[in-house]
Amino acid sequence: MAAPAAAAGRVGFLRSEIQRHDHAYYVLDAPSIPDADYDKLFRELQALEQQYPELLTPDSPTQRVGGKPLPQFAPVRHAVPMLSIRTETDTEASGARAFDARVRKELGLSEADAPVEYNAELKFDGLAINLRYENGILVQAATRGDGETGEDVTQNVRTVRCIPLRLSGAAPAVLEVRGEVYMSRPDFERYNERQRAAGKATLVNPRNGAAGSIRQLDPALAAQRPLSFFVYGLGETQGWPLPATHSELLDRLAAYGLPVCEHRAVAAGAAGLIEFHQRIRAGRDALPFDIDGVVYKVNSLALQQRLGFVTREPRWAVAHKYPAEEAMTTVEAIEVQVGRTGAITPVARLAPVFVGGVTVTNATLHNEDELRRKDVRIGDTVIVRRAGDVIPEVVAVVPERRPILAPEFVMPKVCPVCGSAIERPEDEAIARCTGGLFCPAQRKQALLHFASRRALDIEGLGEKVVDQLVDRGLVKTPADLYGLDTGAVANLERMAEKSAANLIEAIEKSKATTLARFVYALGIRNVGEATAKDLARHFGGLEALMAADAAALQQVPDVGPVVAAALAHFFAEPHNVDVIGKLRAAGVHWPEGEPAAAVASPIAGKTFVLTGTLPLLSRDAAKDLIEAHGGKVAGSVSKKTDYVVAGSEAGSKLEKAQALGVTILDESQLKGLLK
Ligand code: IVH
């Protein structure tokens, strides 16, 4: 049966809606629709395509993953060769000056002539890809290969969600764009966290993650690796008049819905380039992806043409590097550290090495399995990575440099701090000290984490202070910090009156925070910064988060059963709930957000009455929770009451509710209702 026109029209509508939302989400980073509504559109499209297979097209958003594993990649001859660029090895300002001087000389400019205009952009650290769009449809994606011939990786590239399968607006007959497929740092960290928790192999760095995924023969596997893309140039075009400048070119590509990095600038002369180089270097750690430098391009396409190429490199572009984020050094010792959740982390003590802008002397080896897999031994020469402000890690051993006598490292059986047994459940990758909060190391780490820069950010609460506060029994939990006074702190060793006052002030200041920071600060197992942000965004309030069950938690992007279980376990522990209560009582607060889930709340506009003592939620918490979901809480039961939530020792209100036939819920039924 041929598809009716109505179905064809609906399919077209659904595709353009989904494309619009994908663009908002993956390119603009500004979601335009709740996840559940998006899923609805997507499922409707899938159903229509299944019913009318003749409507199925390769640019449908349902076709991002679907291909079969390939025996090998087919070769692709590039219509326009994919060139590389010269790298300026001088990482100082003089590197930019040298490039500008060469360009001016080639163009025959004298000192009296105006500065050359450049487009300055980032040098993304991933894998170069050519995307070919014919009449606006993505028809082929290829790697660079040797520049003349690359590999057809279309199947895998289709899984990259920020790459449009169809260009928006009126597209030319042929438009090839070039750019870099990369893996963002949060995606890399999250992926590795998950792999590690599952005892599986991790990615060495985001670049290998991107390259390895794109060169993966099974597209289903590639689809599991979260990749992104930035466009930075052009290949073949047909029926497309070129703009006058490279910066305009990027604007026009962005208008097609292609992801163009926002960190770019039109710069005048060497001074403009140097300014850009320095500004980006200062912000490099805060970028959510790795860069290994910046790229300068002569902005005028006419001048680019005049400058032309030397061998395989354009004279009009150069890469100006930053110091490397990976370096080689040797392992002087391997020790184990006890983390805030008792996790035993093997750490390599290193011969000091300058990497990623700092001197590194320690690098994590993550866990026993990873240490085994990498087989790091004392005396080994290793590659250390420090990117962003992520903890430095050993990524690999250089096997040729292993000394003759290098015995394998053996993990200890008891905690080096408290002497408790170290246990490792069979299905887990992490060995843990069983001492719990009896173990001073765990207590100290929990406090340090709570106070860390990305958590509650208490300046001055470093290792030495925490050691003393715990050893003297002044502080057991983070809540105790808020009971400290200048006198007690000034009594600590090497603590002047002034620094004591500063610390107390910093503790006071930390009370105003955000929900995401607070959740992260709690130090819940498997809940890193990215997950904490996702949770805060999704639930909008702490009560809603605390009340969520495993199913509700797994509604959050990237929260799987492991993280959901860790959260549920944490909030089920009365001690933790108690500490949270004390922190809030001490004045720790944050702006309340609108939970994303409230949009389609089943209790919107309903009236509740609370009575008796609930097992986990305080009266206030239950009220906040109901209100956060759009319900109202009243003081007395009447015919207008929709629900009575009853705990232990509920009195007359419960009786009245029963008499009036009002629905009665206990705490877990309330939570069930809010799912
Ligand atoms: S332009 C003809 N721009 O760096 C000019 N390349 O050799 C072609 N890269 O592997 C390259 N960021 O994939 C250009 N903003 C950027 C870039 C960039 C990263 C990569 C490119 C290639 C290498 C240059």
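The values are calculated or read from the model by the stated rules, or taken from the named source; none is laboratory data. Source: prediction; values computed, not measured. Ideal geometry is used to build each Cβ from the backbone, glycine not excepted, and the neighbour counts take in all protein chains shown. In case anyone asks, the SASA skips ligands and DNA or RNA and just uses the protein heavy atoms, side chains included. Shrake-Rupley method; radii C 1.70, N 1.55, O 1.52, S 1.80 Å.
Listed by chain and number, the lysines placed with their C-alpha closer than 16 angstrom to that of Lys653 are Lys639, Lys640; residues fewer than eight positions away on the same chain are left out.
Check cross-link reach from Lys123 to the lysines: straight Cα distance under 16 Å, and skip same-chain residues fewer than eight apart. Cα-Cα hits under 16 Å: Lys297, Lys321.
Ordered from highest to lowest accessible area with the whole protein assembly present and a 1.4 Å probe, Lys606, Lys640 read as Lys640, Lys606. Shown is the FRET efficiency for Glu134 and His263, computed with R0 = 25 Å from the Cβ-Cβ distance and rounded to the nearest 0.05: 0.25.
Among the listed pairs Lys40/Lys68; Lys582/Lys632; Lys511/Lys606; Lys582/Lys606; Lys509/Lys671; Lys444/Lys464, give every one whose C-alpha distance is greater than 22 Å.
Distance filter (> 22 Å) returns Lys40/Lys68; Lys582/Lys632; Lys511/Lys606; Lys582/Lys606; Lys509/Lys671.
To the nearest 10, the accessible area of Ser601 is 20 Å² with a 1.4 Å probe. Sorting Ile422, Ile524 on solvent-accessible area from highest to lowest, probe radius 1.4 Å, gives Ile422, Ile524. Under a model in which nothing but the beta-carbon of Lys, Arg (+1) and Asp, Glu (-1) is charged, region 161-306 shows a dipole of about 280 debye around its Cα centre. Counting only Cα atoms, the size of region 233-326 along its three principal axes is 42, 32, 26 Å, in decreasing order.
Projecting label points 7 angstrom from Cα along Cα→Cβ for Asn208 and Val410 puts them 2.9 nm apart. Accessible area per residue was computed with a 1.4 Å probe on protein heavy atoms; Met82 scores about 10 Å². Stretched out straight at 0.36 nm per residue, the stretch from Gln669 to Asp146 would grow longer than its current Cα-Cα span by 182.0 nm. Of all lysines in the structure, those lying under 23 Å Cα to Cα from Lys374, and not within fewer than 8 positions of it along the same chain, are Lys200, Lys413.
Provide, as a two-decimal number, the C-alpha radius of gyration of region 398-472 over 2.2 N^0.38 Å, N being how many residues it has.
1.51
Placing +1 on each Lys and Arg Cβ and -1 on each Asp and Glu Cβ, with no other charges, gives the chain a dipole about its Cα centre of roughly 240 debye. Taking region 475-490 and a reference point 7 angstrom along Cα→Cβ of Leu437, the backbone N atoms nearer than 13 Å belong to 475-481. Whole-percent P(r), region 117-187, all Cα pairs, 5 Å bins from 0: 4, 14, 24, 22, 18, 14, 4, 1.
Size descriptors for region 146-249 (Cα atoms only): Rg and Dmax, in that order, 16.3, 53 Å.
If the viscosity is 1.306 mPa s and the temperature 10 °C, what Stokes-Einstein diffusion coefficient in µm²/s follows for region 548-675 when Rh is the Kirkwood radius over Cα pairs?
In µm²/s, the coefficient is 100.
A simple spin-label model places the labels of Ala501 and Leu28 5.1 nm from each other, with each point 7 Å out along Cα-to-Cβ.
For region 458-555, trypsin sites (Lys or Arg not before Pro) are listed when DSSP marks them as loop and at most 16 other Cβ atoms sit within 10 Å of their Cβ; the list is Arg472, Lys476, Arg494, Lys511. In the chain, helical runs assigned H by DSSP with n ≥ 4 each contribute -39500 (n - 2.57); averaged across all residues and rounded to the nearest 500, the mean residue ellipticity at 222 nm is -10500 deg cm²/dmol. With r as the distance between the Cβ atoms of Phe13 and Ala254 and R0 = 25 Å, compute the FRET efficiency 1/(1 + (r/R0)^6) and round to 0.05. About 0.55, to the nearest 0.05. Accessible area per residue (1.4 Å probe, heavy atoms of protein chains only) ranks Thr477, Thr361 as Thr361, Thr477, with the largest value leading.
Farthest towards the positive end of the charge dipole of the chain, among the residues Leu481, Val609, Leu138, is the Cα of Val609, using unit charges on the Cβ of Lys, Arg, Asp and Glu. In this structure the chain gives 47 Å² per residue of accessible area when probed at 1.4 Å with all protein chains present.
The Rg/Rh ratio for region 344-422 is 0.99, where Rg is the radius of gyration of the alpha carbons and Rh is the Kirkwood radius. Tell me whether the chain comes out rounded, prolate or oblate; compute the Cα gyration tensor, take square roots of the eigenvalues as a ≥ b ≥ c, and use a/c under 1.5 as the rounded threshold. Oblate shape, in that a/c is at least 1.5 and b/c is the bigger or equal ratio.
Modelled label positions at Glu649 and Ala551, each set 7 Å beyond Cα in the direction of Cβ, lie 3.3 nm from each other. Any chance you could check the Cα centroid distance between region 610-669 and region 16-55 for me, in angstrom? Distance between centres, Cα-based: 39 Å.
Using r as the Cβ-Cβ distance of Ser168 and Asn491, and R0 as 60 Å, what FRET efficiency do you calculate, to the nearest 0.05? Efficiency at R0 = 60 Å is approximately 0.35.
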